[in-house]
Amino acid sequence: MSLMKIRQATMNNYDQIMSILKDGANQLAERGVDQWQGEYPSPDQIKEDIDKGFAYLAVSADGETVGAISIVEAPDHSYDNLKGKWLLNTDKYVVIHRVAIHSKHAGHGYATKLLTEVIDYIRDNRKDIDSIRIDTHENNTAMQHLIDKMNFSKVGELHGIYRPDEISYVYENVRE
C-alpha cells in the first residue's frame, strides 16, 4: 500500500509548484549542488507542464501536498544529444523531470515514496510505455542514490542542456 498519491496539477496549483521548486533550488544550493540555480525550471516550463498535463503534485497519506514532479511524454528533445546509449531504442517512453519535496517535509522518505508511486503507476496504468527515463546533475549525489535505488541504469550523460558547462547523468528503467 503506497503512502503517496500523485494528483495532476492545474493552473490553480502554479504558484504552489513554483514555490516547491524554488525551495528545491534552495535545498540544492545549501548542499553546494549547482543545479536549478539559473533560469531552469522556468515559469514558462512549469506552465507548459501544466498545460500539457505533465505536472503532478505529490500528496502524502494525510492529504498534505509535499512535493511536485513532472512526467513528460516522449519525445523529449533534451535527450537528442545523449552521450551514451539507451537500453531500449524506443519512442514509447516517459521522462521524470523536476522532482522536488519541500524542505518542511524533508526526512520522511517522501522522495522514495514519490518515485515508487510514479513508477508503479506507469507500470500498472501505462502499458504503452516501455521505458522510464530520468536525469540529474553530476553533483546531485542524493538524487543519484535515489535513482539507483529505483533500479535505473546509468546510460550516459548530457552536456550543456540545462545550462552551459552543466553535466547531467542520464538513467533508464525498462519494463520487465
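Bear in mind that the values in this text are calculations on the coordinates, not laboratory data. Keep in mind that this is a model prediction, so the values were computed, not measured. Counting neighbours? That spans all protein chains shown, and the Cβs are built from the backbone with ideal geometry, glycine included.
Of note:
- For the chain, share of DSSP beta bridges that run antiparallel, in % to the nearest 5: 90
- Cα centre as origin, Lys/Arg/Asp/Glu Cβ charges: the stretch 88-154 dipole, Debye: 160
- The tail of the calculated P(r) for the stretch 1-87, taken as Cα-Cα distances beyond 15 Å, holds 65 percent of the pairs.
- Distance violations [Cα-Cα > 30 Å] among 52/113; 104/127; 5/47; 5/85; 92/149; 5/83: 104/127; 5/85; 5/83
- Loop trypsin sites (Lys or Arg not before Pro), the stretch 85-176, which have at most 12 other Cβ atoms in a 10 Å radius of their Cβ (DSSP): 85, 127
- Put a plus charge on the Cβ of each Lys and Arg, a minus charge on the Cβ of each Asp and Glu, and nothing anywhere else: the dipole of the stretch 3-172 about its Cα centre is then about 400 debye.
- The stretch 73-147 - Rg and Dmax from Cα coordinates, angstrom: 13.7, 40
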